[in-house]
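Structure first, commentary second.
The values are calculated or read from the model by the stated rules, or taken from the named source; none is laboratory data. In this text the structure is predicted, and so the values were computed from the model without any measurement. Backbone-built Cβ (ideal geometry, glycine too); neighbour counts: all protein chains shown. Ligands, DNA and RNA are stripped out before the accessible areas are found, and what is left, the full protein with its side chains, is counted by its heavy atoms. Shrake-Rupley method; radii C 1.70, N 1.55, O 1.52, S 1.80 Å.
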Amino acid sequence: MSSAAKKAANRRNAQKSTGPRSTVGKARTRYNALRHGLSIPAALDPAAADRVKELMLALDQLSTGYGEYDCASLAAEAQVDIERVRQAKAAIVNKAAQRLGSPDLPLTEQAALGFASQTKSLARLERYERRSLSLRKQWLEIMPRR
Amino acid sequence: MLGKHLTETCSRVFAKPAIMLGEDPADYEAMRDLVLADIDQDDVQECFLARDILDSEWELLRLRGMKPGMLHAAITRAVNAMMAEESELQPLEREWVSPLRRHLVGALAGNAHERKQLEELLSKHHLSFQLVIGAAFEATLRPQVDTDRMIGAALDRRRAAYRELNAYRERKEERARWETEMRPVPAAKSARGNAPTVASNMAAGNGHAGEA
């Protein structure tokens, strides 16, 4: 149990640290908690929107023209999610390799160093890929066919 | 053979490969061509599955390469750490790092001459080949175990993609067979002389007449 004095001190201190106040400061810290963004569906990611549209067009050749729109767009989104996971894996290793590897090391060894430092994070990404693969399978199975 | 439309579709599906540092995009493309030639996909869903197979294969190769790669990269650090433990030993001189790695890669590839030179180099620091490999392996034990798990996951993904592809093709064949059986016979051959229907088709003995 905290004492009354400690509680008062905590309240006083909390008033001092309320995060950034300026627009620039807020903009700078906006993505502090963002790790890889893979929990956000591709549909909500503006950067992935074009790719979703492109894959939807590709899926259009399979559809019947009746009731397929949702299934095709959801399958395309799942496919983009799968691609995002694979891209994220490569980006994590590349970033770590640049941080840890010295220029006199061959590129493959730099990548190996980066990879060794990130295996835990990479293993954690597996579930995102599994989930997206399963979603894509579901949507493609129920999509009406020509 | 792929049609023009399907080639475009396929190239859309296969865009944006995930390439890591030290990997060659040309190798990925060469592997893609091999996988596509083997699978001979004929619609976009098969393209998706072909891409899954390709990416799993690529990841398997990558992970299997990472295992010795991690060991190689950890050697010099392991040597330095071992020297730091022994207070009377000097840390590894920078100019020795490159020959050490060169001899090591040669020795691990089975070159006896390189191994002898490596042993000589290490003996100057009161170390041995086995000791250094052991220390490097110990330093990368956790990542090695994680990598094995990731290899298992990639193998599962590849197996699942092949299974899904086979099931999809079987369903497609079954649908095509069913459509052929249910196709109306031409009017001249119709038993009743009326416009052909599924019912008249069945009555004529095509399709599932026994069930009608």
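For the reader, a short list of remarks on this structure follows.
- Within the set B:VAL44, B:VAL35, the sole residue that is within 8 Å of chain A (Cβ to nearest Cβ), over 18 Å from A:GLY101 (Cβ atoms) and not small (Gly, Ala, Ser) turns out to be B:VAL44.
- Residue within segment A:79-97 that is at pLDDT 85 or above, open to solvent by 80 Å² or more (accessible area, probe 1.4 Å) and assigned to a helix (DSSP H, G or I) present: yes
- Residues located in segment B:118-147, provided they are within 11 Å of another protein chain (Cβ to nearest Cβ) and without any contact (Cβ under 8 Å) to a residue 60 or more places away in the chain: B:LEU141, B:ARG142, B:VAL145, B:ASP146
- The residue that is modelled with the highest pLDDT, among those in segment A:36-61 that are of a type outside the set (A, V, I, L, M) and in contact with a helix residue (DSSP H, G or I) (Cβ under 7 Å, 6 or more places away or on another chain), is A:ARG51.
- Flag for A:ALA90 being under 30 Å from B:LEU71 (Cβ atoms) and hydrophobic (A, V, I, L, M, F, W, C): yes
- Filtering segment A:1-28 to residues that are in a helix (DSSP H, G or I) and either surrounded by fewer than 10 Cβ atoms within 10 Å (Cβ to Cβ) or within 18 Å of the chain's Cα centre (by Cα) (or both) leaves A:ALA4, A:ALA5, A:ARG11, A:ARG12, A:ASN13, A:ALA14, A:GLN15, A:LYS16, A:THR23, A:VAL24.
- Tabulated pairs, segment B:46-57, first of a type in the set (S, T, N, Q), second in a helix (DSSP H, G or I), C-beta under 8 angstrom, 6+ apart or interchain: B:SER56/B:ALA154; B:SER56/B:LEU155; B:SER56/B:ARG157; B:SER56/B:ARG158; B:SER56/B:ALA161
- Count of segment A:1-58 residues which are under 30 Å from B:GLU8 (Cα atoms) and touching a Leu at 6+ places or on another chain (Cβ under 8 Å): 1
- Residue match in segment A:56-69 (condition: open to solvent by 90 Å² or more (accessible area, probe 1.4 Å), within 14 Å of chain B (Cβ to nearest Cβ), without any contact (Cβ under 8 Å) to a residue 12 or more places away in the chain and closer than 20 Å to B:LYS16 by Cβ): yes
- Scanning segment A:102-126 for residues that are open to solvent by 30 Å² or more (accessible area, probe 1.4 Å) and acidic (Asp, Glu) returns a single hit, A:ASP104.
- Boolean, A:GLU129 is surrounded by fewer than 16 Cβ atoms within 10 Å (Cβ to Cβ), more than 7 Å from every other protein chain (Cβ to nearest Cβ) and of a type outside the set (S, T, N, Q): no
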